[in-house]
Every structure is written in structure tokens, then in C-alpha cells.
1. Say a paramagnetic label sat at a point 7 Å from the Cα of K46, along Cα to Cβ; which residues of region 155-174 have their backbone N under 11 Å from it?
2. Protein chains only, probe 1.4 Å: how do H82, H210 rank by accessible area, largest first?
3. Excluding ligands and nucleic acids, what accessible area in Å² is computed for S30 using a 1.4 Å probe, to the nearest 10?
4. Can you give me the solvent accessible area of S200 with a 1.4 Å probe, rounded to the nearest 10 Å²?
5. Expressed in nm to one decimal, what extension gain is obtained for the pair H125 and N193 from 0.36 nm per residue of sequence separation less their Cα-Cα distance?
6. Keeping all protein chains in the complex and leaving out DNA, RNA and ligands, what accessible area do you get for L248 with a 1.4 Å probe, in Å² to the nearest 10?
7. Any idea how far apart N211 and V87 come out in nm if each label point goes 7 Å out from Cα toward Cβ?
8. Please list 3J(HN,Hα) in residue order for region 191-202, calculated via the Karplus relation 6.51 cos²θ - 1.76 cosθ + 1.60 where θ = phi - 60°; whole Hz, with x for glycine and proline.
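The values are calculated or read from the model by the stated rules, or taken from the named source; none is laboratory data. This is a predicted model, so every value here is computed, not measured. Counting neighbours? That spans all protein chains shown, and the Cβs are built from the backbone with ideal geometry, glycine included. SASA here: full protein model, heavy atoms, side chains in, ligands and nucleic acids out. Shrake-Rupley method; radii C 1.70, N 1.55, O 1.52, S 1.80 Å.
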Amino acid sequence: MATTRMFCFVLVMILMGSCCSAKIYKVGDSEGWRAKKGGTYYEWTKRKEFQVGDSLMFEYDGNANDVTQVSSRLEYQFCNSHSPKAVYNTGHDVVTLTEPGYHFFITTNHSQCVAGQKLVVFVVHDHPTIPPPPPPRKILPFGKDYKVGDSNEWKVPEESDFYSKWSEEKQFHVGDNLLFYYNDQVDDVLEINSDLEFKSCDTTSPVAVHNGGQDLIRLTKPGIRFFITSKIGHCEAGLKLRVVVRPLSRSVPKNMQLSPFDRLIKWLHDSFRPHPHH
């Protein structure tokens, strides 16, 4: 009976911890939701990691403004509010981020939107919760997230070999993720096919183009991946990245073959099961 009570207590504590881990971000901090001089809310979002369950709090004059959520990057870029996904106009709106991916917000005041009152956030993953059963092995559940350039992020470096040194210091494996953070008004991320294109900064035939400012790219197979920018002069100045992707290790440690929840159950069982008296 005591073991059962302890088991329930630990589970309740885990649930309480997970449900309280979501964050509320006040958009713009002390400035609130308004037109931004010198650009969008990129500077406000760049140091933050938004997760499913987090909330955005918009504070503004509800008599003169609103918050309009739109569905696409084109609507965001051109301040098109004709087909909104949702509209908020109380002056104190709390919007919960319920799914991963990009979320776009503008104001229907077109002149203010053009002046920078628009926000895009990228939701990376969920807050920790009691996980579901582990996915099939082909989904590669053991990957790591690497923020490209670390604190330097994705921008023209002071030294042209900066990103070469950054990648050489790490070992990338199938299932890992590259996180590119950058000012989407200044740069983008192009994936290209070959070392020749990489050396010559050839942008004519990219495999993929990313321009969200917060892009997550999954490394799904072994080999060499090449990334550059399309902005004139930036690639030549060193804004280019080559990563060598190694195969997923076949020798997975025994304790990692269990899901986190299974490991919790095993720990509880081992810790609280009665031990025989000698």
C-alpha cells in the first residue's frame, strides 16, 4: 500500500511539473505590441525558444489596433489580413501556441504592419510531459539539436572559416537537427547539392530554400550536406556550412532502449519493491 501511494505521489509531481513548465511571453516586453522602428520583432524573438503550450501576451490600445493571426508567410510578408486565421482585439490578448511550426501575427492597420508591427515565431517542440509509447526506430528518436554558429547564429562571420571550424568540432549523426537562427530580412538558408556549388557559392539549383529566420533542418541520411545563403557577397564572406553526417550508431545503450516513462517505472519498481530479509 505504501509503495502504491509513493508511486502515485511521484506521478502527480511529474504531472504538476510538466503542466507548470509552459511560459507566457509578453510580446515586445515593455514596448508591447506596436510598430517597430528599424524592422520586425526579429530581435525580440531571436533569443527565445518557443514550445508547444507556451503563450504570447499582446498588450496594446484595443481602440486603435488588433492582433491578426494569418496562415502563410506571404500574408505575413505583404501584411495581407483579408483571410485571417484568428483576430484578437481586446488590447490584452493571450494566444496559446498549440502546435509546432511557424505562427504568423500582423495588425490589420496596414501602415503599422508595413512599419514592422508583425511577428513570426517558430515553435520547436513540446514541453516535457509523460511521453507516449516510443516511435518506430526509423523516426530516429535519439537526435540532438545543434544551433548553427552557437551564439554567432547564421550571419556573415568575422572570420571566413568560422562555420568550417564550428562544424569540424562536432560529430553529426542521422537523426540530429540543425537550427538556423538569423534575420530573415538580411539572410536565408539554401541547401545545395555538391562541393563545387559550395566552393563557388552557386545558388542557381538549390535542393531547398529556407527563409523563416528560425529554420529546423533534419539530418535524415548519412553523407555530406551543404548550406549557403543567396545574398550577394555573404556566402563569399564565409556564410556557408558543410556538415558530415555519420550513420546512426547501431550499438544503442541498453538503458536507452526504454522510453523515459518506462525508465521511470523501472526506477520506481527497483526503488520501492520490498527486499527480502536475510
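1. 155-156
2. Largest to smallest exposure gives the sequence H82, H210.
3. Around 110 Å² of this residue is reachable by solvent.
4. Only protein atoms counted, so the area is about 70 Å².
5. Full extension from H125 to N193 adds 21.6 nm.
6. 70 Å²
7. Between N211 and V87, the label points sit 2.8 nm apart.
8. 3J(HN,Hα) across region 191-202, in whole Hz: 9, 10, 8, 9, 5, 5, 4, 5, 5, 8, 6, 7.
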